[in-house]
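Asks: Encoded as structure tokens, here's the structure I'll be asking about.
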Amino acid sequence: MARNQKDYFYDLAQKEGYRSRASYKLKQIQQHSNIIKRGDTIVDLGAAPGGWLQVAKELSGGRVMGVDLQKISEIPGVTTFKGDITADSTIEKILEFAGKGGVDVVLCDAAPNLTGNWALDHARGIELNRAAFECAKKILKPKGTFVVKVFQGDMFKEFFDDVKSEFVHVKAYTPQASRSTSAEIYIIAKKFLTAPIRKGQIYAAEIKELGASGDGIAHIDDFVIFVKEVEVGDIVNIKIKDVKPNFGFAAVVEKLDALPENPRYENPVQQRTQTPLSADFEKDEETRPKGNTARDNYRPPKENEHEEE
Ligand SMILES: C[S@@+](CC[C@H](N)C(=O)[O-])C[C@H]1O[C@@H](n2cnc3c(N)ncnc32)[C@H](O)[C@@H]1O
């Protein structure tokens, strides 16, 4: 008997009319993080055969589009086309779909053809992840959501931190429907930031007024930043501690005599946040084999395994 025929979620998908067992991963992500709301516009990158598209359409009822290297057979009310998400021509078509208003949710369950070579599969996966991330940054509405599948490995942390710098809430989550032998994990990023500042960056700013709580208020490109322990009129270098969609928090690094002339504030210093990763991880522990890591369990996949997912 083929491996998949013994699989609970494969059988369930057959029974319930979903095109892939992966449908249940999206359902579990939805249950865990409530990523899709009624009426949302959704783009799904690497969407064939269409299991996520079916679930996304059911949940939102809004405009849904899927793209894949493979042809996706028709799903009522869903726009699909064949394309490579790393190609500019594909991104142009997606931008057309998103229009000026943008989209609420970008999903990416894309997977490269797995070779069984851990490092190579990871690197090719990260390339797809970065293409999806760049696309999401172009088309997401402010406060939009991005969900992406990543194969774990050395480059995971850097990618995770890059996603963290663009969204308010970011978590890594493994749904129960992921095979216990799989190295995959989903990054769930909510509230896309359109603020002109980023956590960890340093700016020069003048404190113009005090807020109700007594914190100083500075503006960077009209964006409000609350700064502790300052007086009105202080000119300071501040380090951004936290960014919310409509305001940020910062601490004073040093006092200045005057604002730098041009540009108005110093070039931001890029400092990626180094939050311990463990704090951001969640797994359906009850259903996972204890004491095993995905890497311990890694086995060479069968050819085109991703098509069965
Ligand atoms: C695991 S499957 C997606 C399953 C899908 N979420 C579902 O529920 O049916 C991964 C898909 O990523 C697609 N893919 C891989 N590289 C791609 C690329 N560069 N551009 C577009 N799709 C890609 C593959 O063709 C494959 O169909």
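Asks: If the limit is 25 Å between Cα atoms, which of 57/138; 37/241; 37/137 go over it? Before the final figure, lay out the partial values.
Replies: Values: 57/138 22 Å; 37/241 30 Å; 37/137 20 Å.
Checking Cα-Cα distances, 37/241 exceed 25 Å.
Asks: Counting only other residues whose beta carbon sits under 10 Å from that of residue 141, what net charge do I get with K and R as +1, D and E as -1?
Replies: -1
Asks: Could you list, bin by bin from short to long, the percent of Cα-Cα pairs of region 202-255 in 5 Å steps?
Replies: So the P(r) values, bin by bin, are 5, 24, 39, 24, 7, 0.
Asks: Using a cut-off of 14 Å between beta-carbons, work out the net charge of the residues near residue 214 (Lys and Arg +1, Asp and Glu -1, residue 214 not included).
Replies: Working: positive: 228; negative: 209, 215, 229, 231, 234.
Summing Lys/Arg as +1 and Asp/Glu as -1 gives -4.
Asks: For region 78-150 and region 181-259, compute the distance between their C-alpha centroids and round to whole Å.
Replies: Centre-to-centre distance over Cα atoms comes out at 30 Å.
Asks: How big is D, in µm² s⁻¹, for region 80-220 by Stokes-Einstein at 37 °C and 0.692 mPa s if Rh is the Kirkwood radius over C-alpha pairs? The partial results should precede the final answer.
Replies: Working: Rh = 17.1 Å.
Once the numbers are plugged in, D ends up at 192 µm²/s.
Every number here is computed from the coordinates shown, using simple stated rules; none is lab data. As the structure is a prediction and not an experimental result, all values here were calculated from the model. Ideal geometry is used to build each Cβ from the backbone, glycine not excepted, and the neighbour counts take in all protein chains shown.
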